[in-house]
Amino acid sequence: MTIEVRNLVKTFGSFKALDGVDLKVNDGELLALLGPSGSGKTTLLRIIAGLDWPDSGELLFNGEDALAQGARERHVGFVFQHYALFRHMTVFENVAFGLRVQPRAIRKDEATIRARVKELLDLVQLDWLSGRYPSQLSGGQRQRIALARALAIEPRILLLDEPFGALDAKVRKELRRWLRSLHHEIHVTSIFVTHDQEEALEVANRVVVMDKGRIEQIGSPDDVYESPASAFVHGFIGESIELPVQVEGGIVRLGDRPLALAADGLAPGASRLFVRRHDMLVGPPGSGAFEGAVQHVRNFGPVQRAEVALSGGKTIEIDAPRDKELRAGDTIGLEPRRYRIFAG
Amino acid sequence: MTMQMADSVSLAAPDAEARAKARAHAEAARDNLRTEPRPVRIIIIALAMIFLSIFVVLPLVVVFAQAFSKGILAYFAALAEPEALAAIKLTLIVAAISVGLNLVFGLVAAWAIAKFDFPGKIFLITLIDLPFSVSPVISGLVFVLLFGAQGYFGSWLRDHDIQILFAVPGIALATTFVTFPFVARALIPLMQEQGTQEEEAAISLGASGLQTFFRVTLPNIKWGVLYGVLLCNARAMGEFGAVSVVSGHIRGETNTMPLLVEILYNEYQFVAAFAIASLLAMLALITLIAKTVLERHLHEGQDPSDH
């Protein structure tokens, strides 16, 4: 099933949740909508599910108008952020719900429903919980039951709203891997919403980065990380150092200090320079585009993180390999291995 | 292996010690909260108990003592009087009508308020409480003004030979008005807390509106509904002021139990008056017990880990 969104606009009072969104989702894809809270990603998901309606714009499933259908007719599986399991029903009845409410004409008989529910509970590896109530489950178990419930109606599209948001870090990592392999198995067109870049980059085939109701970039996880299309994407994805610079006559300046950086093809004026923390190479004083004094060093997993006060006033954080000798008080040179400059 | 075991023992011991210390600390802190000396505490508790006994328990005892003062036979004879039976029957009918109506209205109002946003919502919430804030006598008078002989609809009703005042419809209307807030009030916070996610989940799974209501919404609020119905029923059976204004006090016809108690009392028929009063008192006791049970279910239904 392909999904096509054309110029979607949705406002809540004076707040523009979606400000002209265009998006094409391919058949069988696992797509991530990534953005900070308030960027419109959940609103977009709810409109696709039929739980919200846009002010204007189009939504097409396989080229057919989906806005003409209610949530009930769209056959979209939706996994809610807080799961929204039916609290008065057992796990078994939760999963069976979608099958039991089908119109009498197409409703399966009890034995078929039981077999199907069993199959789904096996798929999410929670068959042994079928008699429990949602309040007796852990967060990760609820999450998987919510997924099984959504899959019971054999959805044409699977939508997941912050699927791992309410889980602790360890369970989250396990479930991520599990969701990936599950998608590989069932291959239904899926979209999930997240504000966690690591989650988006690790799980999705393609990532849609959103901000303030607009799409900033669509691309593979490598694309959005390696070649961010805008200052927002660079700042949002990966740990970035951001410096305000001036571009003038082919020269980039930080404060008064001209930087030895190429400024080809850059529009003159106030701009922003972005460098990944680990792309700042440490050298002897005078060796790079920047110079600064190390303020503070802390070991941080495989790297050491140093706070460096640049000559020019601004303090930045860099990640250097552990074997590099760095001590508070040292004066060092810094050379950005890779960088991007965005106007504005 | 042995070293490991020794390690775990030495680790466990200070842990248990620390826990015991923390517990002692917590207990000390709680004791410090009781700043009043022991005699003061005893006096305060005793005052509360005495007050409750005089103002709540004693009247209840007196009602039953008076009802049985001429013996158990006189008690049942008083209840078997046609006038008493008529009052009991009328009270049950009126309660059934007003509880039924308020169940539907209360559900609809709570549903609208908890699940939708619309202009005038705050006004509606305030309006629901009106019957609580206005004197029942005035509530009754409103219906006299509307449906009485000199009222707005009085002549039209007389022309069409419809009797509302001084008859069952008037009494039921007044009672319904006075007891309206109970069901709605019990459900609004419950439904607001539960939100709309489960309903949305049901609809996205293909359930129709009715299926969603009966399979998801109603089971989630059933204890709240029962709670509201219980309080609504207790008030409907006990209502005096509003009913007194619209009933007309026709003996054997439009007297509810509370009205009959007053009439019998004024006629110095103490045994009969207190016999009927004892029925109302028993209703109150049963209501209290049921309320306690329901409240326990209500709290069980709320799952703190869901939020």
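The values are calculated or read from the model by the stated rules, or taken from the named source; none is laboratory data. Remember, it's a predicted structure, so these values are computed and weren't measured experimentally. Glycine gets a Cβ as well: all are built from the backbone with ideal geometry, and neighbour counts include every protein chain shown. Side chains are part of the model used for accessible areas, which takes the heavy atoms of the whole protein and leaves out ligands, DNA and RNA. Shrake-Rupley method; radii C 1.70, N 1.55, O 1.52, S 1.80 Å.
Within the stretch A:281-303, is even one residue under 18 Å from A:Ala231 (Cβ atoms) and open to solvent by less than 60 Å² (accessible area, probe 1.4 Å)? So far as the stretch A:281-303 goes, no, none of its residues is under 18 Å from A:Ala231 (Cβ atoms) and open to solvent by less than 60 Å² (accessible area, probe 1.4 Å). Could you please let me know if A:Leu273 is open to solvent by less than 70 Å² (accessible area, probe 1.4 Å), under 29 Å from A:Ser220 (Cα atoms) and touching a residue at least 60 places away in the same chain (Cβ under 8 Å)? Spelling it out, A:Leu273 is indeed open to solvent by less than 70 Å² (accessible area, probe 1.4 Å), under 29 Å from A:Ser220 (Cα atoms) and touching a residue at least 60 places away in the same chain (Cβ under 8 Å). Checking each residue in the stretch A:312-344 for being among the β-branched types (Val, Ile, Thr), in contact (Cβ under 8 Å) with a residue 40 or more places away in the chain and farther than 13 Å from A:Phe274 by Cβ picks out A:Ile318, A:Thr331, A:Ile332.
Of A:Glu110, A:Glu93, A:Glu64, A:Glu119, all but one fail to be surrounded by fewer than 19 Cβ atoms within 10 Å (Cβ to Cβ) and at pLDDT 95 or above; the exception is A:Glu93. When every residue of the stretch B:154-176 is checked against the conditions, none turns out to be of a type in the set (Gly, Ala, Ser), closer than 27 Å to A:Phe12 by Cβ and out of contact with any strand residue (DSSP E or B) (no Cβ under 8 Å at 6 or more places or on another chain).
Among the numbered conditions (1) more than 14 Å from chain B (Cβ to nearest Cβ); (2) open to solvent by less than 60 Å² (accessible area, probe 1.4 Å), tell me where A:Asn26 comes up short. Result: A:Asn26 fails condition (2) only. Which members of the stretch A:67-86 meet the condition of being of a type outside the set (Phe, Trp, Tyr), open to solvent by less than 50 Å² (accessible area, probe 1.4 Å) and farther than 18 Å from A:Val9 by Cβ? Once the filter is applied, which keeps residues that are of a type outside the set (Phe, Trp, Tyr), open to solvent by less than 50 Å² (accessible area, probe 1.4 Å) and farther than 18 Å from A:Val9 by Cβ, the stretch A:67-86 yields A:Gly70, A:Ala71, A:Arg74, A:Val76, A:Gly77, A:Val79, A:Ala84, A:Leu85.
Here is a yes/no grid of residues against (1) surrounded by fewer than 20 Cβ atoms within 10 Å (Cβ to Cβ); (2) free of Cβ contacts under 8 Å to residues at least 60 places away in the same chain; (3) within 25 Å of the chain's Cα centre (by Cα):
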position: B:Trp223; (1), (2), (3): no, no, yes
position: B:Cys232; (1), (2), (3): no, no, yes
position: B:Val246; (1), (2), (3): no, no, yes
position: B:Glu262; (1), (2), (3): yes, yes, yes
position: B:Asn266; (1), (2), (3): yes, yes, no
position: B:Ala272; (1), (2), (3): no, no, no
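All of (1) open to solvent by 30 Å² or more (accessible area, probe 1.4 Å); (2) in a loop (DSSP other than H, G, I, E, B) hold for A:Tyr225 with one exception: (2). Here A:Lys41 fulfils each of the conditions (1) of a type in the set (D, E, K, R); (2) within 12 Å of another protein chain (Cβ to nearest Cβ); (3) crowded, with 22+ Cβ neighbours inside 10 Å apart from (2).
One residue stands out in the stretch A:122-141 among those that are in a helix (DSSP H, G or I) and either among the hydroxyl-bearing types (Ser, Thr, Tyr) or within 9 Å of chain B (Cβ to nearest Cβ) (or both): the one that is most open to solvent (accessible area, probe 1.4 Å), namely A:Ser135. Considering the stretch B:181-216, the residues that are within 14 Å of chain A (Cβ to nearest Cβ) and touching a residue at least 24 places away in the same chain (Cβ under 8 Å) include one that is farthest from A:Val76 (Cα to Cα), namely B:Leu190.
Considering the conditions (1) of a type in the set (Lys, Arg); (2) within 11 Å of chain B (Cβ to nearest Cβ); (3) surrounded by 18 or more Cβ atoms within 10 Å (Cβ to Cβ), A:Arg144 is excluded by exactly one of them, (2). Hey, can you tell me all the residues within the stretch A:256-270 that are of a type in the set (Gly, Ala, Ser) and surrounded by 14 or more Cβ atoms within 10 Å (Cβ to Cβ)? Residue satisfying the conditions is A:Ala263 alone. For B:Ile162, state whether it is away from chain A (no Cβ under 14 Å), farther than 22 Å from B:Leu283 by Cβ and touching a residue at least 60 places away in the same chain (Cβ under 8 Å). No; evaluated as a whole, the condition is false for this residue. Scanning the stretch A:48-60 for residues that are more than 10 Å from chain B (Cβ to nearest Cβ) and surrounded by 19 or more Cβ atoms within 10 Å (Cβ to Cβ), which turns out nearest to the chain's Cα centre (by Cα)? Within the stretch A:48-60, the match that is nearest to the chain's Cα centre (by Cα) is A:Ile48. Among the residues of the stretch A:164-175, is any buried (at least 23 other Cβ atoms within 10 Å of the Cβ) and either over 30 Å from A:Pro268 (Cβ atoms) or of a type in the set (Phe, Trp, Tyr) (or both)? For the stretch A:164-175, residues buried (at least 23 other Cβ atoms within 10 Å of the Cβ) and either over 30 Å from A:Pro268 (Cβ atoms) or of a type in the set (Phe, Trp, Tyr) (or both): present. Within the stretch A:61-93, restricting attention to residues that are part of a strand (DSSP E or B) and facing another protein chain (nearest Cβ under 8 Å), the residue that is farthest from A:Ile157 (Cα to Cα) is A:Phe78. Evaluate the following for A:Arg156: is it touching a residue at least 60 places away in the same chain (Cβ under 8 Å), farther than 21 Å from B:Glu198 by Cβ and either in the same structural domain as A:Ile186 (by TED's automatic domain parsing) or not charged (D, E, K, R) (or both)? Considered against the rule, which asks whether it is touching a residue at least 60 places away in the same chain (Cβ under 8 Å), farther than 21 Å from B:Glu198 by Cβ and either in the same structural domain as A:Ile186 (by TED's automatic domain parsing) or not charged (D, E, K, R) (or both), A:Arg156 comes out as yes.
Is it the case that some residue within the stretch A:9-23 is within 12 Å of chain B (Cβ to nearest Cβ) and crowded, with 21+ Cβ neighbours inside 10 Å? No, the stretch A:9-23 has no match at all.
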